[in-house]
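Encoded as structure tokens, the structure appears first; notes follow it.
The values are calculated or read from the model by the stated rules, or taken from the named source; none is laboratory data. Quick caveat: nothing in here was measured; it's all calculated off a predicted structure. Cβ placement follows ideal geometry from the backbone for every residue including glycine, while neighbour counts extend to all protein chains displayed. What goes into the accessible areas is simple: the full protein's heavy atoms, side chains included, and nothing from ligands, DNA or RNA. Shrake-Rupley method; radii C 1.70, N 1.55, O 1.52, S 1.80 Å.
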Amino acid sequence: MQDRYGHRISYLRVSITDRCNERCTYCMPQELQEWLPREGILTFEETLRLIRIAADLGVSKVRITGGEPLTRRDVITFIRKIPEIPGIKSIGLSTNGTLLAREIGSDTSMAAALRHAGVQSVNVSLDTLDRDVYSNITGRDFFDQVLRGIDAAIGAGFDQIKLNTVLMCGRNEDQLIPLVEFAGERNLILRFIEMMPVSTTDVLDEHNFMSVFEAKKLIESCYGNLIPETEFRTNGPATYYQIPGRGQRIGFIGAMTNLHFCESCNKLRLTCDGKLRPCLGSYLEFDIMKPLRAGASDEELKQFFLNVVERKPEQHDFRDNYQPNRKMIAIGG
Ligand code: SAM
Ligand code: SF4
């Protein structure tokens, strides 16, 4: 699949729930969230069918996300079926890490079960190593659980584990160096992400926004000039660097300040309530659940995908005083 601007679509982000056991300020509004009713969520069978159709159209990589994907019941049974889909070569999962260490069988952690089910790469969100700041950002006191979750992920032997840190002025800039050390000690890839306007508007303003440029400068003041790794790609939007003399890799995702950010976009998103979104930073979304539940054929659904790709914008609208419609938690990051 290719759009009008030459973006080749090979990556589908699949959100399987809008629910979460945390309440990160930048992702969901603090007022009580109304979850979608169960019948408004794609069943796993429906989701697998849509992944199969996307794979027929050239998608080779899927990432399971949410909300918190590990809060959905039977997630392992669902994931186990994805590697059976012809054409899918890579399966990733994004998680807040709180449930990775949970025992789900005799002597089996959630992390080990995910690995066994075919997940190759796991992204764990971690914005700070300070327990109080962690609670303050996420609204929950799960810091120790997350650390245990990261250990469980390391023990499970994934091909790749990345830590994702959202940059927030005044909240975690003093944590960037400790996080680099933490990731380095565990041989994990750490990525710094610019905050995007996808929650309530008041969490993102010129006082709390921190650019990847500022983060890079801060890190370089400690370690020296970072070495660009132009050859290293993970299929995602990050730019990677090595810390001199260490061989440690860190990445920067500058959706707000990098003017070339959208040029290599290869992504479509499927929300848990069956909307196809061609871009995270655009209001455009197309209801594929409706034709799916009305009995559309595979050919008709394929055409639906192609029409959505045809509407993919050249770039996101985040820089144009964007007012979020759907919260990040209900899109799938
Ligand atoms: N619950 C999982 C987690 O926290 O990783 C998966 C879903 S979460 C929406 C996916 C990613 O989106 C996380 O790394 C999170 O930090 C990021 N995210 C959420 N809101 C964001 C925002 N406003 N700006 C930038 N990244 C955001
Ligand atoms: Fe939940 Fe992840 Fe959003 Fe935090 S970023 S509220 S953990 S979905």
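Which percent, nearest 5, of DSSP beta bridges in the chain are antiparallel? DSSP beta bridges in the chain are roughly 35 percent antiparallel.
A cut-off of 5 Å between modelled amide H atoms, ignoring neighbours fewer than 5 places along the same chain, links Ile193 with Thr165, Val166, Leu167, Ile253.
For the chain, the solvent-accessible area with a 1.4 angstrom probe is 44 square angstrom per residue. Calculate for the chain the 222 nm mean residue ellipticity that helices alone would give, adding -39,500 (n - 2.57) per DSSP H run of length 4 or more and normalising by residue count, nearest 500 deg cm²/dmol. Value at 222 nm, helices only: -8000 deg cm²/dmol. For the chain, the relative contact order comes to 23 percent (Cα pairs under 8 Å, sequence separation of at least 6). Where in the chain lies the longest segment free of GluC sites (Glu not before Pro) that are both loop residues by DSSP (not H, G, I, E, B) and have at most 15 other Cβ atoms within 10 Å? Here the longest segment lacking exposed loop sites spans 35-205. For segment 204-299, the list of trypsin sites (Lys or Arg not before Pro) that fall in a loop by DSSP and count at most 13 other C-beta atoms within 10 angstrom reads Arg233, Arg246. Here the Karplus curve 6.51 cos²θ - 1.76 cosθ + 1.60, taken at θ = phi - 60°, turns the phi angles of segment 9-26 into couplings of 8, 10, 9, 10, 8, 10, 8, 10, 7, 9, 8, 8, 8, 10, 9, 5, 4, 7 Hz, with x standing for Gly and Pro.
Classify segment 1-154 as rounded, prolate or oblate from the Cα gyration tensor: take a ≥ b ≥ c as the square roots of its eigenvalues, call it rounded if a/c is under 1.5, otherwise prolate when a/b beats b/c and oblate if not. Here segment 1-154 falls in the prolate category. Sorting His316, His207, His116 on solvent-accessible area from highest to lowest, probe radius 1.4 Å, gives His116, His207, His316. For segment 1-78, applying the loop criterion from DSSP together with a ceiling of 16 other beta carbons within 10 Å to the trypsin sites (Lys or Arg not before Pro) yields Arg4, Arg23, Arg73. Taking a ≥ b ≥ c as the square roots of the Cα gyration tensor eigenvalues, with a/c under 1.5 meaning rounded and otherwise prolate when a/b beats b/c, else oblate, which class fits segment 1-50? Oblate. Converting phi to 3J(HN,Hα) with the Karplus coefficients 6.51, -1.76 and 1.60 and the offset θ = phi - 60°, segment 252-258 yields 10, 10, x, 4, 8, 9, 7 Hz in sequence order, with x at every glycine or proline.
Positive end of the dipole of segment 11-331 (Cβ unit charges, origin at the Cα centre): among Tyr240, Gly170, Gly254, the Cα lying farthest that way belongs to Tyr240. Taking amide hydrogens as placed 1.01 Å from N in the peptide plane, the amide H of Glu229 sits under 5 Å from those of Tyr240, Tyr241, Gln242, each at least 5 positions away in sequence or on another chain.
Counting only protein heavy atoms, what percent of the accessible surface of the chain is carbon or sulfur at a 1.4 Å probe? Roughly 48 percent of what the probe reaches on the chain is carbon or sulfur.
Which FRET efficiency value, to the nearest 0.05, do you get for Leu129 and Asp74 by plugging their Cβ-Cβ distance into 1/(1 + (r/R0)^6) with R0 = 41 Å? Could you put the intermediate results ahead of the total?
Values: r = 33 Å, r/R0 = 0.80.
The computed FRET efficiency comes out at 0.80.
Find, to one decimal place in angstroms, the Kirkwood hydrodynamic radius of segment 11-331, where the mean of 1/r is taken over every pair of different Cα atoms and then inverted.
20.2 Å
Between Glu103 and Asp141, what's the calculated FRET efficiency when r is the beta-carbon distance and R0 is 22 Å? Round to 0.05. So, using R0 = 22 Å, E works out to roughly 0.60.
Ranking Asp298, Asp127 from most to least accessible surface, computed with a 1.4 Å probe over the protein chains only, gives Asp298, Asp127. Using a cutoff of 8 angstrom between alpha carbon atoms and counting only pairs six or more residues apart, the relative contact order for segment 1-86 works out to 48 percent.
Need one word for segment 143-253: rounded, prolate or oblate. Basis is the Cα gyration tensor (sqrt eigenvalues a ≥ b ≥ c); a/c below 1.5 gives rounded, then a/b vs b/c decides. Cα axes put segment 143-253 in the oblate bin. Solvent-accessible surface (1.4 Å probe) assigned to Thr239 amounts to roughly 60 Å².
Between segment 23-97 and segment 150-218, the C-alpha centres lie 23 angstrom from each other.
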